[in-house]
Every structure is written in C-alpha cells, then in structure tokens.
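Read-outs throughout are calculated quantities, based only on the coordinates presented, and are distinct from any laboratory measurement. These numbers come from a predicted model, not from an experiment. A quick note on method: Cβ atoms are made from the backbone with ideal geometry, for glycine too, and the neighbour counts reach across all protein chains shown.
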Amino acid sequence: MHPTVSHPDPSQQVISDGIADRHDRERRLATSDRGLRAHPRRDFAPYRSTLLRHPTHELVRTDPEDIELVSPAFGHTDVAPEEADLTIQHAGEPLGERIIITGRVLDGDGRPVRNQLVEIWQANASGRYVHKRDQHPAPLDPNFTGVGRIVTGDDGSYRLTTIKPGAYPWKNHRNAWRPAHIHFSFFGSAFTQRLVTQMYFPGDPLFALDPIYQSIVDPAARERLVAGYDHEVSEPEWAIGYRWDVVLTGPRSTWMEPEDADHV
Amino acid sequence: MSEQHRPLGQTPSQTVGPFFGYALPYPGGPEVRAPWQPDAVRVHGTVLDGAGEPIPDAIVEIWGADAAGLASTERGSLDRDQHAFTGFGRAAVDRDGHYSFTTIKPGAMRDGSAPYLLVTVFARGVLHHLFTRAYFGDEPEANAADPLLTRIDPDRRGTLVAEPDAASSYRFDVRLQGEGETVFLDYGTER
C-alpha cells in the first residue's frame, strides 16, 4: 500500500497500483461542478522524481498583471524556416519513419494563437537522445539531432517534419519504458498560457504503464496528448501524417483584437 | 459561432524531463540585457528540492517589463542583437543548480504595485511548470504596498524577493518544497 520511498527498484505492479489508487482518490474528490482537472497533479508519487520536487503549500491565486497577459514577441527573425524540418539538419537522411505533424494552437474559445513560438525535442528512431546524460545503449544517428522550432501562422497552425521517435527505458522502476513521445513547448498570447508538454502516438501499449502519462487523471484530458493519424496529412511516397491541435486556456490579453476579426 | 460558447479543453502539461539541455537553452538566452550595458543587473540563484539539495536539471525563464513598466514588443528573444530589450530570458541551471540572468530592473506596471519579474520554473520531476515572481529587495516602500506581497503570510513573503547581494546583482533562490518553500502562483490556470 505504501511502498518505501527509498526502495531502489519497485516493480511495475507497485507503480501501476499507485496509479490506480491515485486515480480512484481523485475521482472521489471530483464533484459534478468541479470535475477532474486537465493538468497533472504535481505530487504524483508513482513518478518518483516528483517526491522532493512538488510544493506542499497551496499555490497563491493571483490576478495577472500587464506583463502576464502578454507574451514575448517572436518572429521570423527568431526562427529559420528549415528549423521546422528535423530531417534536413545533416548531410544525410536520418533513419526511421518520416512523419509530418501539423495542427493548430488555439485558446479556449477556439481563437488562433498567432505568431508564437513552438519548440520540439525528441529521441531518435532507436529511442536515444543526443543529450549527454542519456545512457540508453541504443545507437545515435549521425543524421538526426531531434530539435526543431517553428512560429505559428496567422491561423495558429504549425507543421513539422521529423522521424517517429522510439520508446526508451528509464529508471523510475524496474523495466520502466516511456511511450514514444515528442516534447513540445508552447507560448500563448498571454504568458500565463505557457505550456510544456509531450505529444504521444495513437495506440501505444505503454500508455497504461507510464506514470508520467497517467499523472493526468482525466482520461479525456490524457487523450488530448495523443496525435491522430490523418490520411489527409500523409504524403504519397514520402511521409506518414499526424494531426495534433493544442489548446491553451487561461487569461487573455485585454487588448485582443475584436472578436469579429476571427473566423472560428 | 456556436463554438464560441463551448470552451475547448486545455491541453495538459507534462514534465520537461531530463533531456532538454540540447534543445531549450540557446546562445544569449540568459542575457536579456547585454552585460556590458550600463543598466544591466544580474538576477541569479539556485533551484533546490525538498531535501535542500540543488536541482541540476531545471530550466528557468524570466519575463519582465522594461524600465518604464511596459511589456516589450521587440522581437529577437532567440536571436539577440545586444541592443533590443525583449524582456524574455531562459537559463538552464548548471550542475550546482545555479542559474544566472542579466536583465534590466523593470519599472512598476501599475500605480501602487511593486516592480517584479515573472519567473517560470521547469524541471524533471515537475509535471506542470511553476510560476513565481521576483520582486526587488531594494524597493521596500513599493513592496510594502504591493497588492500581492501584502496578501502573503509575512513568514513566506521573503521567498518572493530577490535580495541585493552585490552591486547591480540580486539573488533569488527557488525552493520547490520544504523549509523556506517558495510561494508559487496560480493565475487561474491550474485546472
């Protein structure tokens, strides 16, 4: 019931039981008018690195001031167009399944988040990051770094070309594997909409076992992190296509354009 | 137009993980103001966990107004030109959990409120980033009247204040948990 914190090597069963217990508890605490929240709980013990890294005091509710209601201005001077294609950064083609990921960044009312920075980083097709602390004995790919950036268009859209990353092992517990994912960083039109998250691929058998993915208790919210296969995005003789829309809710700038400027 | 009345669901957060070091930091990221500029100030500190140990895999962002208290609309946060002030900076911590920015001391944004930097902390083991504010210890009068600071328990208020530790330098440690835990802020974006 209460695994010892210092246990060096809990089993998947211990972690899975911890996930189930926490999901049960959160569901009981949720009420009809205050349902499950979208974001993970920071004190999600099955992801053991949270233990000493979550605040124990309640966060202080604060009204955003001017600076928090806007975001830094990013533009095409900041990001080169070729940064959106992770397969052309080296002399040769990277190994793996070439994919296109496209979608729109929207606010909670469906308005596009325009001209804002999207950053991604990921493992290669073998599940290995270029990061020097990644000890996974899988091959590096000399033709793949796994870092990309793009600035959203006027309709909030982004489009990236990359390689499908592999799953990789980590040391949270014995035989722990992360589902294949791509890390994404977003800026909203207000800084309070800032979001760093991970995009997953449909049907991954590791979903149920992964305490990071399962730290989101609401199943509908979890599924928002899973891109959908989209045959309209796939390109013949070239790449498999995925669509992933992202929603950044929260306070908006008080000097947004009038509503009728947008066509949602 | 009916979509306007049906709010879309928030995309959930996930941890930044341990392997952002070759992706998120960028040259000039911590230099919101070039260090040689006469109005440059240093804002630095250590990110600590609940055992008081430095966190070696955190990344910190600051976002602040200019000296007049206005948000910059200048581009170029990722590609600094040494002159434009964009207000945004990003610094990964070093192996001792220490980060360091150079920026300018912002002006107050509203009458009756004190100047501050918005500070955002990401780390492995942090499933959803944490917002806090760094006010300035050499603004005692403004701080004593600030609408947020005055609402905070006096025992914890100091965690929101960057204290001068040298000429043109302020220290702002971030404690994620435990004794001296930093006050973190909820802008209505916790759901």
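As a proxy for reagent exposure, ranking A:R243, A:R22, A:R28 by other Cβ atoms within 10 Å from fewest up yields A:R28, A:R243, A:R22. The alpha-carbon of A:K132 sits under 28 angstrom from the alpha-carbons of these lysines, leaving out residues fewer than 8 places away in its chain: A:K164, A:K171. Computed over the alpha-carbon atoms, the range B:68-120 gives an Rg to Rh ratio of 1.01, Rh here being the Kirkwood radius from the mean inverse distance.
Fewest neighbouring Cβ atoms within 10 Å first, the residues A:W177, A:W244, A:W121 line up as A:W177, A:W244, A:W121. Between the alpha-carbon centers of the range A:70-104 and the range A:189-234, tell me the distance in whole angstrom. First find each Cα centre; the distance between them is then 20 Å.
Among the trypsin sites (Lys or Arg not before Pro) in the range B:54-137, those located in a DSSP loop and surrounded by at most 14 other Cβ atoms within 10 Å of their own Cβ are B:R95, B:R110.
With the largest listed first and rounded to whole Å, the semi-axes of the equivalent ellipsoid of the range B:1-155 from the Cα gyration tensor are 24, 23, 20. Strictly greater than 19 Å: what percent of every Cα pair in the range A:167-239 meets that? The calculated P(r) of the range A:167-239 puts 48 percent of pairs beyond 19 Å. Rounded to the nearest 5, the antiparallel percentage of DSSP beta bridges internal to chain A is 75%.
Across the protein assembly as shown, the convex hull enclosing all Cα atoms gives 155 Å³ per residue. Using the C-alpha gyration tensor of chain A, what are the square roots of 5 times its eigenvalues, in whole angstrom, with the largest one first? After scaling each eigenvalue by five and taking roots: 30, 28, 17 Å.
3J(HN,Hα) along the range A:208-217, derived from phi through the Karplus expression 6.51 cos²θ - 1.76 cosθ + 1.60 where θ = phi - 60°, amounts to 5, 9, 9, x, 6, 4, 6, 5, 8, 7 Hz, with x in place of Gly and Pro. Centre-to-centre separation between the Cα atoms of the range B:23-52 and those of the range B:122-171: 16 Å. Counting neighbouring beta carbons within 10 Å and listing from fewest to most, the residues B:E163, A:E97, B:E31 come out as A:E97, B:E163, B:E31.
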